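Asker: Mind having a look at this structure? Questions to follow.
The values are calculated or read from the model by the stated rules, or taken from the named source; none is laboratory data. A quick note: this is a predicted structure, and the numbers were derived from the prediction, not measured. Quick reminder, even Gly has a Cβ in these numbers, built from the backbone with ideal geometry, and neighbours come from all protein chains shown. Protein only, heavy atoms only, side chains kept; ligands, DNA and RNA dropped before computing areas. Shrake-Rupley method; radii C 1.70, N 1.55, O 1.52, S 1.80 Å.
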Amino acid sequence: MSAWRLVEGPAPEPGATAEAATGTSGPARPERPRTGARRMLVIAAVMLLTLVGAGGLAAAGTGMFAEKPDGCGKPDRSIQLYAVELPKDGTQIRIGYGLTPQTASYPGPLMEMMEGECLAITLHNQVSAETLAALRTDPNHPLGVSLHVHGVKYTQQSDGTVQSGSYVPPGGSRTYTWYAQPRNNKTGAQGTAGYWWYHDHVVGGPHGTQGLSAGLFGGLVVRRPGDPKPDRTYTVVFGDRQSINLRRGTATDTCTEVNPQPGPSCLVARKGERVEFVVVGIGNDMHTFHLHGHSWADTRTGVISNNGQPFVDSIPIIDNKTLGPGDSFGVQVVAGDAVGPGHWMLHCHMQFHSDAGMSTMLHVLDENGNMPPGMDHQHAAAGAAPASATDSGQHQHQ
């Protein structure tokens with residue numbers, strides 16, 4: 001039923017027949033008094049059906065949905081984030097997030113929050129309509145990028161989906177609000193501290209599959225007061241085609257022997273530094289994350305807290321963890337603890353994945369910052385086809 005049919009016309013004259021009023025034969029019904037409440041219901045119904053006819057409730061935008069989650073008043077911080085087209089990886093289109101257009105990369109910058117914090121992120125879409133159109137699987141799908149987050153709280157306005165209308169067209173901007181809800185024993189809220197991730201949910205199709213495969217993803221850490229703070233944080237994303245951060249073979253490790261620059265394809269730390277990994281699975285494959293020479297507690301923070309002594313034996317200490325699409329977890333290790341400097345392999349332990357190039361290195365420098373010997377044979381994926389890639393060299397710890 002279209003909206004206009006709900007609007008009442010003039011009332012028929014007293015004693016008029018139904019035929020005169022509606023074009024049908026039969027006695028006219030007595031006119032019901034029109035109350036103010038009834039009139040308001042009619043107006044509300046017209047507005048509702050107009051919205052549905054314009055594309056559903058998602059088209060209502062700020063008029064229908066709350067802007068911020070409960071518990072989030074004025075944002076504590078604001079961040080500017082840019083979606084930028086990067087040089088192609090062979091024939092593959094690459095797009096990355098960056099805190100500035102010049103520092104966009106894949107993975108995007110690490111986001112860090114404290115429980116109880118409310119963060120406003122304004123996403124600026126600098127990706128051309130032509131590039132977004134080339135990634136579309138349906139010519140009728142809208143052009144845009146978005147920001148969808150796991151773990152923390154947000155309203156439908158910040159969902160980052162086509163269905164909610166919360167995406168950014170080419171050349172546009174939109175602010176997304178995230179709330180790191182704390183634990184509340186009275187309400188049963190479990191809190192949001194932990195290791196999460198964010199990504200596009202629009203590019204190419206309604207699930208953002210092409211946006212993910214192009215590079216629109218990054219890590220998020222939510223901490224609590226007293227959580228151990230790392231010296232370095234790296235986001236490591238295991239994906240399809242046996243890739244680490246969308247790279248394979250020799251492209252996974254671009255560290256140089258002299259003055260290696262930390263970044264998505266150069267995992268490096270000095271002996272004794274606390275290194276944190278935000279591990280994320282994307283795509284369609286199952287993986288296992290394994291780090292040589294180091295182990296961690298299988299807990300929310302990757303370590304055993306000081307007050308966990310009575311339960312210490314019940315917490316698994318692991319060096320290998322299964323990772324599925326959409327999963328995320330955190331790892332904290334002390335670089336070279338008891339094992340010294342070296343080139344420590346980080347790879348998927350599904351054998352044919354590592355054989356195909358899903359392997360890189362954590363380079364642990366000595367206390368003076370010198371690279372240990374062995375750089376000439378650090379890549380164990382013999383015969384793996386290298387994947388060319390563009391590396392911004394951006395450090396992941398913000």
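Asker: Given +1 on the Cβ of Lys and Arg, -1 on the Cβ of Asp and Glu, and no further charges, what dipole in debye does region 57-203 carry about its Cα centre, rounded to the nearest 20?
Answerer: Working: 10 positive and 12 negative charges, 40 e Å.
With Lys and Arg at +1 and Asp and Glu at -1, about 200 debye.
Asker: Please report how far the C-alpha centroid of region 90-114 lies from that of region 278-336, rounded to the nearest whole angstrom.
Answerer: Rounded to whole Å, the Cα centres lie 24 Å apart.
Asker: Ranked highest first by average number of other Cβ atoms within 10 Å, how do 164-170, 188-194 line up? Don't jump to the answer; show the numbers that get you there.
Answerer: On the way: 164-170: 21.9, 188-194: 16.4.
Answer by packing, highest mean first, reads 164-170, 188-194.
Asker: Using a 1.4 Å probe over the heavy atoms of the protein chains, calculate the carbon and sulfur portion of the accessible area of region 229-273 as a whole percent.
Answerer: Carbon-and-sulfur percentage of accessible area, whole number: 42.
Asker: Using the charge dipole of region 153-249 (Lys, Arg: +1 at Cβ; Asp, Glu: -1 at Cβ; taken about the Cα centre), state which of GLY208, GLY188, VAL236 has its Cα farthest towards the positive end.
Answerer: GLY188
Asker: Can you tally the net charge around LYS321? Count Lys and Arg as +1, Asp and Glu as -1, for every other residue whose Cβ sits under 10 Å from the Cβ of LYS321.
Answerer: Local net charge: -3.
Asker: Still on this structure, please answer the following. With a probe of 1.4 Å, find how much accessible area region 240-288 has per residue, and write the answer as a whole number in Å². Mind dumping the intermediate values first?
Answerer: Numbers: 1790 Å² over 49 residues.
Ligands and nucleic acids excluded, the figure is 36 Å² per residue.
Asker: Among DSSP beta bridges whose residues both lie in region 208-296, state the antiparallel percentage, nearest 5.
Answerer: 35 percent
Asker: Using only the alpha-carbon atoms, what does region 274-323 span along each of its principal axes? Please give whole angstrom values in decreasing order.
Answerer: Principal axes ranked by extent give 39, 20, 16 Å for the Cα atoms.
Asker: Also, I was wondering about something else. What are the ³J(HN,Hα) values, in whole Hz, obtained from phi via the Karplus relation 6.51 cos²θ - 1.76 cosθ + 1.60 with θ = phi - 60°, for each residue of region 221-234 in sequence order, with x given for Gly and Pro?
Answerer: 10, 10, 10, 10, x, x, 4, x, 9, x, 7, 9, 10, 10
Asker: Can you tell me which aspartates and glutamates have their Cα less than 13 Å from the Cα of LYS88? Leave out same-chain residues fewer than eight positions away.
Answerer: Answer for LYS88, where 13 Å is the Cα cut-off: ASP391, listed by chain and number.
Asker: Once the Cβ-Cβ distance between ASN370 and ASP70 is put in as r, and R0 is 56 Å, what FRET efficiency do you end up with, to the nearest 0.05?
Answerer: Working: r = 52 Å, r/R0 = 0.94.
Calculated value: 0.60.
Asker: Sticking with this structure for a sec: In whole Å and largest first, what semi-axes does the C-alpha gyration tensor of region 178-253 yield when each eigenvalue is scaled by 5 and square-rooted?
Answerer: Whole-Å semi-axes of the equivalent ellipsoid: 30, 19, 8.
Asker: Another question, then. Under 28 Å from the Cα of LYS321, which lysines turn up, not counting those fewer than eight places away in the same chain?
Answerer: Output for LYS321: LYS153, LYS229, LYS271.
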